[in-house]
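*Asks:* The structure under discussion is supplied below as structure tokens; questions concerning it will follow.
No value in this document is a laboratory result; all are computed from the given coordinates. Since the model is a prediction, treat every value here as computed from it, not as a measurement. Cβ coordinates were reconstructed from backbone atoms using ideal geometry, including for glycine residues, and neighbour counts include every protein chain displayed.
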């Protein structure tokens, strides 16, 4: 095996890429980028019946949006292809014959009805049927039939599977499985079944194809989810059977439901109203992209679901995550998914954007609503006012709208709260003020408004509330004087006039 670090992300194209899969891809990406190796995307589509049209393209689009694109993939092949398992049948056929000829795998001809009969019989006796060392010599397989009868069945096209000889009584049953996160995991092999490696349709099972491909693609580190930990002993024993050096394994903790109980699922997102996929899947299922999240915020949040750098900082760029990531600091226990914390990370990354980058987010939103942005200085001043208020990019127009459209409705609760007997007179005085001196600085404008209020025997607060309502439509929003300064006197006068006509 080559000395360079090579990792792979190997999803099955059976549907959209779940956020748990994204974290697995991310940890592989962080590790390999830190060590200067190659990141491989392999599509594990041996189960053709479960493959979904468009899923592979969706997976690649997700990785592209997130900015964790592979070095080698079906779309960008390297020297170790093909990168779809469905295109590697000849490779698996060659290697399955090798392991059968070595005596470490065997043909099993048991029908589905025969196996079901064994299961039912065991259940009646309060036992569980396991196809392994305990009963393999009593079943319908090549170990019992011998070479001649086995060949006869194969020549006659008898359906079969190929099973792995997981353990026999000549060996020690306890098998030590090294894991970079959990240390040595001891497995009692006599409790395991003789897994099916190959089916008579010419397709391998996941386990066999996975091991063969990882070896032939020079994968040095396998970083995958905790759900594959029970398969570790089988995979390591397959490496032993071929006399291959295994990669280093690391099994990541589960991402848990917001309640902390059980694995996070698509249904949790649907029920609680948060995305669990990176980008939109089909028509109705929105992803993080469509819900207003920045890719870097998604990656930052996921990185800390199961890992930390040992410090107190939580906000990291992708480059910072790469420099800090270490498998030794990955946790053993599952990490609870917190949708509100997820939003917090997004807000922090929006605030971390340079004003130029934030303007780049705002500009297309403004243009999509039919407005042309010619004044870059005005756009910059608007961006400075709203950047701290935005949590999701889907909120941008809500914050931008006040600078491009006059209110068409006025919050009735706000009107009731601030509209007093002298309000209309105060606002007409503001119109006169802006007509006389519309180019005042913010300080001068505040002083002038204060004089208007004092002239009516009131404090400045009695004026600012209703003025905000007529300019903005509600009592929320950025600094009112800054809004007025950006809109200009003519626009503010127009808004006051419109509001005085609309509000009784």
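*Asks:* Where in the range 68-87 does the amide nitrogen come within less than 20 Å of the point 7 Å from the Cα of residue 242, taken along Cα to Cβ?
*Replies:* 72-74, 78-87, by backbone N distance to the label point.
*Asks:* Another question, if that's okay. So how much slack lies between residue 450 and residue 282, counting 0.36 nm per residue of separation and subtracting their Cα-Cα distance, in nm? It would help to have the intermediate numbers written out before the result.
*Replies:* Values: separation 168, 0.36 × 168 = 60.48 nm, distance 5.58 nm.
My answer for the length gained is 54.9 nm.
*Asks:* Ok, one more. With no solvent and one equal point scatterer per Cα, compute the Debye intensity ratio I(q)/I(0) for the range 403-504 at 0.11, 0.15, 0.24 Å⁻¹ and report its log10, rounded to two decimals.
*Replies:* -0.27, -0.52, -1.52
*Asks:* Could you state the angle between the C-alpha long axis of helix 355-368 and the longest principal axis of the C-alpha atoms of the chain, as a value from 0 to 90 degrees rounded to the nearest 10?
*Replies:* Tilt relative to the chain: about 80 degrees.
*Asks:* Still on this structure: Give me Rg/Rg_expected for the chain, where Rg uses Cα atoms only and Rg_expected = 2.2 N^0.38 Å with N residues.
*Replies:* Numbers: Rg = 32.5 Å, N = 504, 2.2 N^0.38 = 23.4 Å.
Dividing the Cα radius of gyration by 2.2 N^0.38 Å gives 1.39.
*Asks:* Additional query: Tell me, 189, 177, 62 in order of fewest to most beta-carbon neighbours within 10 Å? Present the calculation step by step, with values, prior to reporting the outcome.
*Replies:* Working: 189 18, 177 21, 62 24.
Taking fewest neighbouring Cβ atoms as first place, the list is 189, 177, 62.
*Asks:* Which FRET efficiency value, to the nearest 0.05, is calculated for residue 431 and residue 351 with the Förster distance at 51 angstrom and r the Cβ-Cβ distance? Don't skip to the end; give the middle numbers.
*Replies:* Working: r = 36 Å, r/R0 = 0.71.
For residue 431 and residue 351, the calculated efficiency is 0.90.
*Asks:* Next up: Calculate the FRET efficiency for residue 381 and residue 498 from the Cβ-Cβ distance with a Förster distance of 25 Å, rounded to the nearest 0.05.
*Replies:* Numbers: r = 23 Å, r/R0 = 0.94.
The formula returns an efficiency of 0.60 here.
*Asks:* I would also like to ask the following. Could you give the distance between the Cα centres of the range 441-457 and the range 393-422, to the whole Å?
*Replies:* 22
*Asks:* For residue 115 and residue 317, what does the FRET efficiency come to when R0 = 41 Å and r is the distance between their Cβ atoms, rounded to the nearest 0.05?
*Replies:* 0.15
*Asks:* Here's another thing I want to ask about it. Could you state the principal axis extents of the C-alpha atoms in the range 15-107, from the largest down, to the nearest angstrom?
*Replies:* On the principal axes, the range 15-107 reaches 45, 34, 23 Å in Cα extent.
*Asks:* Could you work out how much longer the chain between residue 326 and residue 52 gets when fully extended? Use 0.36 nm per residue separation minus the Cα distance between them, nm to one decimal.
*Replies:* 95.2 nm
*Asks:* In the chain, what % of DSSP beta bridges are antiparallel (nearest 5)?
*Replies:* Values: 18 of 32 bridges.
DSSP beta bridges in the chain are roughly 55 percent antiparallel.
*Asks:* Rank the residues 136, 23, 398 as a footprinting-exposure proxy: fewest other Cβ atoms within 10 Å of their Cβ go first.
*Replies:* Numbers: 136 20, 23 23, 398 14.
With the fewest neighbours first, 136, 23, 398 line up as 398, 136, 23.
*Asks:* Another question, if that's okay. What's the angle, to the nearest 10 degrees (0 to 90), between helix 489-502's Cα axis and the longest principal axis of the chain?
*Replies:* The angle comes out near 90 degrees.
*Asks:* May I ask for the distance between the Cα centers of the range 195-224 and the range 15-46, given as a whole number of Å?
*Replies:* What the calculation gives is 17 Å, centre to centre.
*Asks:* While we're on this one: Please work out the ratio of the alpha-carbon Rg of the range 296-393 to 2.2 N^0.38 Å and round it to two decimals.
*Replies:* Details: Rg = 16.9 Å, N = 98, 2.2 N^0.38 = 12.6 Å.
Cα-based Rg divided by the globular estimate yields 1.34.
*Asks:* I would also like to ask the following. Which angle from 0 to 90°, rounded to the nearest 10, does the C-alpha axis of helix 19-34 make with the longest principal axis of the chain?
*Replies:* 80
*Asks:* At a 10 Å Cβ-Cβ cut-off, how would you order 166, 203, fewest neighbours first?
*Replies:* On the way: 166 25, 203 18.
Lowest count first: 203, 166.
*Asks:* Here's a follow-up. At 222 nm, what value in deg cm²/dmol follows for the chain if DSSP H runs of at least 4 each add -39500 (n - 2.57) and the sum is divided by all its residues, to the nearest 500?
*Replies:* Working: 20 runs with 227 residues, N = 504.
The helix contribution divided over the chain gives -14000 deg cm²/dmol.
*Asks:* Right, something else. Working only with C-alpha atoms, what are the Rg and Dmax values of the range 314-471, expressed in angstrom?
*Replies:* 22.1, 70
*Asks:* Ok, one more. Using alpha-carbon positions, what is the distance between the centroids of the range 299-333 and the range 73-96, in Å?
*Replies:* 33
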